[in-house]
Amino acid sequence: MRRWVVVMLMMVAALGLSGCMHEPSGPELLFADYFTSADSPGWWQGQDSDVGAEWQIASGHYSGQLADADSYYYVWNTEVTGLTDFRIQATTSQLGTATDHSWGIIFRADDDAFYAFEISADGYVQLSVWTPDNWNAIYDWALCAAIRPMGQTNALRVDVHGTSFALYVNDVLVTQVTDSTLSSGSVGFIVETWDDPDGGAWFDDLEVWTLGD
């Protein structure tokens, strides 16, 4: 029995020396934008008069605002494609006078569909998926004590792994959910107004990481 133990230990040592043993890898940064340049590539800037939307990069933030009530507008980076499993995180804060509106990050996005992780001005969170002309709530609006009050900065994060999503606000795990509607895409932001007009938000510190081992 001792002879077999010695042999096994020698085999393990040989594997380690030959580089055959797997070394865990940490997260790697895939994409980041801190919006220090007004010409940061891949982001739409301009006005859409149909819904009173305006997006611009200024003062180190990417800002989106809506003049109309009951509207939404989303943007995604056109130079980032094919993201599947990753961590997306960004900081954000409210703009405008609306008290009944929401905003957040979107992922696995393209022209036709995306997931949206949003917080609201009155302290709620939601994860939903948009496909052409259809919204579906995966995690419907729920009160979240981790959201900081209006006017303060909040940090949003989603860990995306296959059909599983872990949602965080200010480093607090809100919930974990599953959905298989979308498999890959880009990243971006969304702002929505409900009963109130003049709602918006700024976004900053956008980072997309691998999940690591």
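None of the figures in this text is laboratory data; all of them are computed from the coordinates on show. Because the structure is predicted, anything quoted here is derived from the model rather than measured. Ideal geometry is used to build each Cβ from the backbone, glycine not excepted, and the neighbour counts take in all protein chains shown.
Observations on the structure shown:
- Computed over the chain with a Gaussian network model linking Cα atoms closer than 10 Å, the most mobile of Ser102, Ser71, Ser37 is Ser37.
- Sorted peptide list for 25-35, 197-207, criterion being average Cβ within 10 angstrom, highest first: 197-207, 25-35
- Structure-based [θ]222 nm, the chain - -39500 (n - 2.57) summed over DSSP H runs of at least 4, per residue, nearest 500: -2500 deg cm²/dmol
- Toward the positive end of the charge dipole of the chain, with +1 on the Cβ of Lys and Arg and -1 on the Cβ of Asp and Glu, the farthest Cα among Ala58, Tyr115, Ala201 is that of Tyr115.
- Within the listed set Glu118, Glu54, Glu79, the residue fluctuating most in the Gaussian network model of the chain (springs between alpha-carbon atoms under 10 angstrom) is Glu79.
- Hull volume per residue, based on the alpha-carbon atoms of segment 37-187 and their convex hull, is 113 Å³.
- With a cut-off of 10 Å between beta carbons, the residues surrounding Thr97 carry a summed charge of -2, where Lys and Arg count +1 and Asp and Glu -1.
- Taking the Cα centre of the chain as origin and assigning +1 to Lys and Arg Cβ atoms and -1 to Asp and Glu Cβ atoms, the resulting dipole is close to 1520 debye.
- Ranked Val191, Val51, criterion: other C-beta atoms within 10 Å, fewest first: Val51, Val191
- Seen against the Cα atoms of the chain and their longest principal axis, helix 2-18 is set at about 50 degrees.
- As a length-normalised measure over Cα pairs under 8 Å and 6 or more apart, the relative contact order of the chain settles at 31 percent.
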